[in-house]
Amino acid sequence: MTGIVALYIFMLAAFTGYEVIARVPVILHTPLMSGSNFVHGIVLVGAMVALGGAHTPLEKTIGCIGVLLAAGNAVGGYVVTERMLEMFKSSGARAAAAKRTH
Amino acid sequence: MPAWLSADLAIQASYFVTAALFIIGLKRMSSPVSARSGILWAGAGMAVATLVTFLYPGMSNYGLMLPAMFVGGGLAWWSGKRVAVTNMPQMIALYNGMGGGAAAAIAAVELYRGGTQGYTTSTLAVAGGIIGAVSFSGSAIAFGKLQGLITRSIRFSGQQILNLLVLAAALVLGGLVASHANASPAVVTGFFVLALLLGLTMTLPIGGADMPVVISLYNALTGLAVAFEGFVLNNAAMIIAGTVVGSAGTLLTQLMAKAMNRSLGNVLFSGFGDTGAAATGEVTGSLKPIEAADVGVMMAFAQKVIIVPGYGMAVAQAQHKIWELAQLLIDRGVNVRFAIHPVAGRMPGHMNVLLAEAGVPYDLISDLDEINAEFETADVALIIGANDVVNPVARTDKSSPIYGMPILNADKAKNVIVIKRGKGAGFSGIENALFYLDNTRMLYGDAQKAGAELIQAIKAV
């Protein structure tokens, strides 16, 4: 990937992020923040690559900490977002769910 | 394996799919109807990317990698499943800080190894390193403040100058490393120590009330750090995901700061947020208490009741009681609505999550813009542990620190009932003029207990 291609990717991704969020209702702000927190958990693949290429004990130690932290970001972000979104139901969906259980 | 099906092609193709899944997932998360499936799409993308990364050519240290993944992931899984909904904001801060720390760790490994070729790569590694490290230590402080581990905001004169000095020193060392002038391990270490220190000194003076904005900002910063380290590692999935989060997070931070009528610079540098300004203004009138039984009668025979929850409801874990109360009223034919201020609680939409947990359907919940005109026709506005977001001085008193902040116009309702633990001022320390109005009555007690009393009172009607 050349520098200029990377720059294009950066620009287009920035506009994508802005547009995807632009019309989000307030009620989803916290879940969405949590969801985007999960998405940057992709840092895990970078931490894996960094540790995979580490040689000295210092590099290995820092790489190991990186993988540990990144895995925490990805897994924790997923669990919390999933729990939050699980609670979002409209009154229609709630009534239907209640009917099923009765 | 055919020649064209190389590990590299499999990795690139999978990262491509992952990037698409992340964007679809985020898009779905931005609508209440499809939100729940959004996290599943994004989660599938993460699983694909993680698994395929094991195919990376020339990787070693699996003996360290797998235990680290299991320990980090396992602890996060355990804590994420156990955390109460009220405490979710600080957990988001914590997980976000971990991501920032991981980005800084990638930068550290690459810089110690001298693996960055060219000035662009080394500059981006340094930039991602400082941003990630600030996000890491800053988020840790944000977690400590919201969790109640750090109760004081440490402020002293010259604090901004100290921050500037730390930043300048970090940038000088970062510049040495990035320009390959002196990338010795000692300089790299000094750079990271200063970056971590900057996160601490920047975040310590910011008050608890401003933490939502700060967490959102650090979320965006971590995204940016991940994108920069993606450039360093030549990893398109990291660049795209990190940049999307960086820009979306920046927008979200702006929306939150706007809802509080503050600029981001004001939040970060003014030191306001839990002690408030000295100019509180004189409020005339008196606080008029009321008994739960009277409130019960008032609400049972009302046509329209608007409930305004705030952080007090979250602290008392009263959302279930309040929904039980609302259901009783709805069964009696009362039109019940929930009015949510964008910055009520500790994060934007924090109240929505709590009410959703209790089972309140989201179509009963209204934003500030939707509901504000309706207060005039409401018989009762029930304020539960909310304070600054209903303070009418934001409309009237130019000397007030919250002047100009959009508020819920609860004072326009025929009767205002305020459930409040005591007579103290709100989180910002500003006296609330709403409490002294002629049509306002105070119901003292914590929200859980007051809710239970109101339920009894309505049942007795």
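We did not get these values from a lab; they are worked out from the coordinates using the rules stated. What you see is a predicted model, and the numbers here were worked out from it, not measured in a lab. Every residue, glycine as well, gets a Cβ built from its backbone with ideal geometry; the counts of neighbours run over all protein chains shown.
When only C-alpha pairs under 8 Å and at least 6 residues apart count, what is the relative contact order of chain B, in percent?
14
Determine ³J(HN,Hα), in whole Hz, for all residues of the stretch B:123-132 in sequence, where each value follows from phi through the Karplus function 6.51 cos²θ - 1.76 cosθ + 1.60 and θ = phi - 60°; x replaces Gly and Pro.
So the J values, rounded to whole Hz, are 5, 5, 4, 5, 4, x, x, 5, 5, x.
What do you get for chymotrypsin sites (Phe, Trp or Tyr not before Pro) in the stretch B:140-218 restricted to DSSP loop and a cutoff of at most 11 other Cβ within 10 Å of the site's Cβ? Intermediate results must be reported in sequence, preceding the final value.
Details: sites: B:Phe143, B:Phe156, B:Phe191, B:Phe192, B:Tyr218; in loops: B:Phe156.
In loop regions of the stretch B:140-218 (DSSP not H, G, I, E or B), the sparsely surrounded chymotrypsin sites (Phe, Trp or Tyr not before Pro) are B:Phe156.
Residues with beta-carbon under 9 Å from that of B:Lys304, excluding B:Lys304: net charge, scoring Lys, Arg +1 and Asp, Glu -1?
Details: positive: B:Arg337; negative: B:Glu374, B:Asp379.
Net charge in that neighbourhood comes out at -1.
Taking the beta-carbon count within 10 Å as an exposure proxy, list B:Phe70, A:Phe88 from fewest neighbours to most.
Working: B:Phe70 13, A:Phe88 20.
The order, fewest Cβ neighbours first, is B:Phe70, A:Phe88.
How far is helix A:3-22 tilted off the main Cα axis of chain A, in degrees rounded to 10, range 0 to 90?
20
First select every other residue whose beta carbon is under 14 angstrom from the beta carbon of A:Val75; then total the charges, Lys and Arg +1, Asp and Glu -1.
+2
Give me the angle, in degrees from 0 to 90, between the Cα long axis of helix B:236-259 and the longest principal axis of the Cα atoms of chain B, rounded to the nearest 10.
30
Ranked highest first by the average count of other Cβ atoms within 10 Å around their residues, in what order do B:306-314, A:10-18, A:53-61, B:160-168 fall? All intermediate terms of the calculation are to be shown ahead of the outcome.
On the way: B:306-314: 27.0, A:10-18: 18.2, A:53-61: 16.2, B:160-168: 14.1.
Going by the mean number of other Cβ atoms within 10 Å, highest first, we get B:306-314, A:10-18, A:53-61, B:160-168.
What is the gain in length, in nm to one decimal, between A:Thr61 and A:Met11 on full extension, counting 0.36 nm per residue of separation less the C-alpha to C-alpha distance?
14.6 nm
Take the Cβ-Cβ distance between B:Leu9 and A:Arg23 as r, set R0 to 41 Å, and report the resulting FRET efficiency rounded to the nearest 0.05.
Working from the Cβ atoms, E equals 0.65.
Taking the Cα atoms only, what angle lies between the long axis of helix A:57-86 and the longest principal axis of chain A, rounded to 10 degrees?
In chain A, helix A:57-86 runs at an angle near 10 degrees to the longest axis.
Enter the mean number of other protein chain beta carbons within 10 Å of the beta carbon of each residue in B:56-64, as an integer. Display every interim value, and only then the final one.
Values: counts 5, 1, 3, 5, 6, 12, 3, 0, 9.
That average works out to 5.
Check each of the trypsin sites (Lys or Arg not before Pro) in the stretch B:122-228 and keep only those in coil by DSSP with at most 12 other C-beta atoms within 10 angstrom; list them in order.
Those that pass, being in a loop and sparsely packed, are B:Arg152, B:Arg155.
Between B:Val336 and residues 5 or more places away or on another chain, which pairs have amide H atoms under 5 Å apart, with H built 1.01 Å from N, and which residues are they?
B:Val305
Under a plain spin-label model, where a point goes 7 Å from the Cα along Cα-to-Cβ, how far apart in nm are B:Ile330 and B:Val461?
It works out to 1.6 nm between the two label points.
Evaluate the relative contact order of the stretch B:88-220 (contact order divided by residue number), counting alpha-carbon pairs under 8 angstrom at least 6 apart; express in whole percent. Display every interim value, and only then the final one.
Numbers: 171 pairs, mean separation 46.6, N = 133.
So the answer I get is 35 percent.
To the nearest 500 deg cm²/dmol, what mean residue ellipticity at 222 nm is calculated for chain B from DSSP H runs of n ≥ 4 alone, each contributing -39,500 (n - 2.57), summed and divided by the residues? Intermediate values should be presented prior to the final figure.
Details: 17 runs with 268 residues, N = 461.
Computed mean residue ellipticity for chain B: -19000 deg cm²/dmol.
What FRET efficiency would be calculated for the residue pair B:Val315, B:Phe54, taking the C-beta separation as r and a Förster radius of 45 Å, to the nearest 0.05?
For R0 = 45 Å, the calculated efficiency reads 0.50.
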